[in-house]
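*Asks:* Would you mind keeping the following structure in view while I ask a few things?
The values are calculated or read from the model by the stated rules, or taken from the named source; none is laboratory data. As the structure is a computational prediction, the values presented were derived from the model and not from experiment. Don't worry about glycine lacking a Cβ; one is built from the backbone with ideal geometry, like all the others, and counts go over all protein chains shown.
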Amino acid sequence: MRWLFAVLCWSFISLSHATATPSLEGTTIHKVLVVKSERKLYLISYGKPLKSYRISLGKKPEGAKRLEGDKRTPEGIYWLDWRKNSDKYNLAMHISYPNARDVARAKREGVRPGSMIMLHGTPLNDEYPEWFFHTLDWTEGCIALKNADMREVWSLVKDGTLIEIRP
C-alpha cells in the first residue's frame, strides 16, 4: 500500500510541476530584442515578449562594438538580413552590422567598424561540449545560443526581422 501511495504522490508532484509550453508555430515575430546585461534574447510579437533564451556574447561584452577585432558585440538597431548553415557554428543568421551610424563613427575615428556579426549556434566539438560554451562569453562579437535554441529561433524568425541590441 505504501508503494501505491508513493507512486501516486510522485505522479501528482511531477504533473503539478509540468508546464505546457505554448507552441509559437505560426506566430509572427516582429522583433528580436537582445539585452546584453541580462544575457537574454527575446522574441517579440505585437510588442509582447513571447519567449527568451540564454545567450553568449563577445569575449569583451561590456560596451558597444567600436572596431574590427575588438571582440565586442554591437549595440543598436539592425536587421537579420540573411542566413546560412555554418560549418563552425551550425545555423547562423547575419546581423546587418555596421549600420549607417556605426560606419559614420568608424570613419570619424579612422578605424574599420568590422563586419560579419552573426546570431549563431554553438560548435560541435568533442573536446568542449555545448554546455561549456553556454555559460561563457566566447564569441568574436557575435551572439550565440545553444543549438536547440538556435534551431527554434531559425524556424520562427524570418529574414528582414528587426533586431535591437541593448547594453
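*Asks:* Out of L91, L67, L156, L80, report the one residue that is in contact with a helix residue (DSSP H, G or I) (Cβ under 7 Å, 6 or more places away or on another chain) and under 26 Å from E25 (Cα atoms). First the steps, then the outcome.
*Replies:* Working: L67 fails: under 26 Å from E25 (Cα atoms); L156 fails: in contact with a helix residue (DSSP H, G or I) (Cβ under 7 Å, 6 or more places away or on another chain); L80 fails: in contact with a helix residue (DSSP H, G or I) (Cβ under 7 Å, 6 or more places away or on another chain).
Every option except L91 fails the conditions.
*Asks:* Among (1) over 15 Å from the mean Cα position of the chain (by Cα); (2) surrounded by 17 or more Cβ atoms within 10 Å (Cβ to Cβ), there is one condition R66 misses while meeting the rest; what is its number?
*Replies:* (2)
*Asks:* Return a yes/no flag: does region 74-91 have any residue that is in contact (Cβ under 8 Å) with a residue 60 or more places away in the chain, buried (at least 19 other Cβ atoms within 10 Å of the Cβ), more than 18 Å from S155 (Cβ to Cβ) and out of contact with any Pro (no Cβ under 8 Å at 6 or more places or on another chain).
*Replies:* Yes: one or more hits.
*Asks:* Of everything in region 30-55 that's in a loop (DSSP other than H, G, I, E, B) and not basic (K, R), which residue is nearest to E75 (Cα to Cα)? Walk me through it before giving the result.
*Replies:* In the first step, residues of region 30-55 are kept if they are in a loop (DSSP other than H, G, I, E, B); the result is 30, 39, 46-47, 55.
When the remaining residues are screened for being not basic (K, R), the result is 30, 46-47, 55.
On the way: H30: 19, Y46: 22, G47: 20, I55: 15 Å.
The selected residue is I55.
*Asks:* May I pose another question? Which residue is modelled with the lowest pLDDT, if the candidates are limited to region 108-146 and must be charged (D, E, K, R), surrounded by 14 or more Cβ atoms within 10 Å (Cβ to Cβ) and in contact with a helix residue (DSSP H, G or I) (Cβ under 8 Å, 6 or more places away or on another chain)?
*Replies:* The residue in question is E130.
*Asks:* While we're here: Could you please let me know if P61 is under 19 Å from V35 (Cα atoms), part of a loop (DSSP other than H, G, I, E, B), in contact with an Asp or Glu (Cβ under 7 Å, 6 or more places away or on another chain) and in contact (Cβ under 8 Å) with a residue 40 or more places away in the chain? Quick ask: steps written out before the conclusion?
*Replies:* Numbers: under 19 Å from V35 (Cα atoms): yes; part of a loop (DSSP other than H, G, I, E, B): yes; in contact with an Asp or Glu (Cβ under 7 Å, 6 or more places away or on another chain): yes; in contact (Cβ under 8 Å) with a residue 40 or more places away in the chain: yes.
For P61, the condition - under 19 Å from V35 (Cα atoms), part of a loop (DSSP other than H, G, I, E, B), in contact with an Asp or Glu (Cβ under 7 Å, 6 or more places away or on another chain) and in contact (Cβ under 8 Å) with a residue 40 or more places away in the chain - is met.
*Asks:* Still on this structure: Filter region 69-89 down to the residues that are at pLDDT below 95 and of a type outside the set (G, A, S), then identify the one that is nearest to the chain's Cα centre (by Cα).
*Replies:* By that ranking, first place goes to Y89.
*Asks:* Among the numbered criteria (1) closer than 30 Å to G26 by Cα; (2) over 14 Å from the mean Cα position of the chain (by Cα), which one does H120 miss?
*Replies:* Failed condition: (2).
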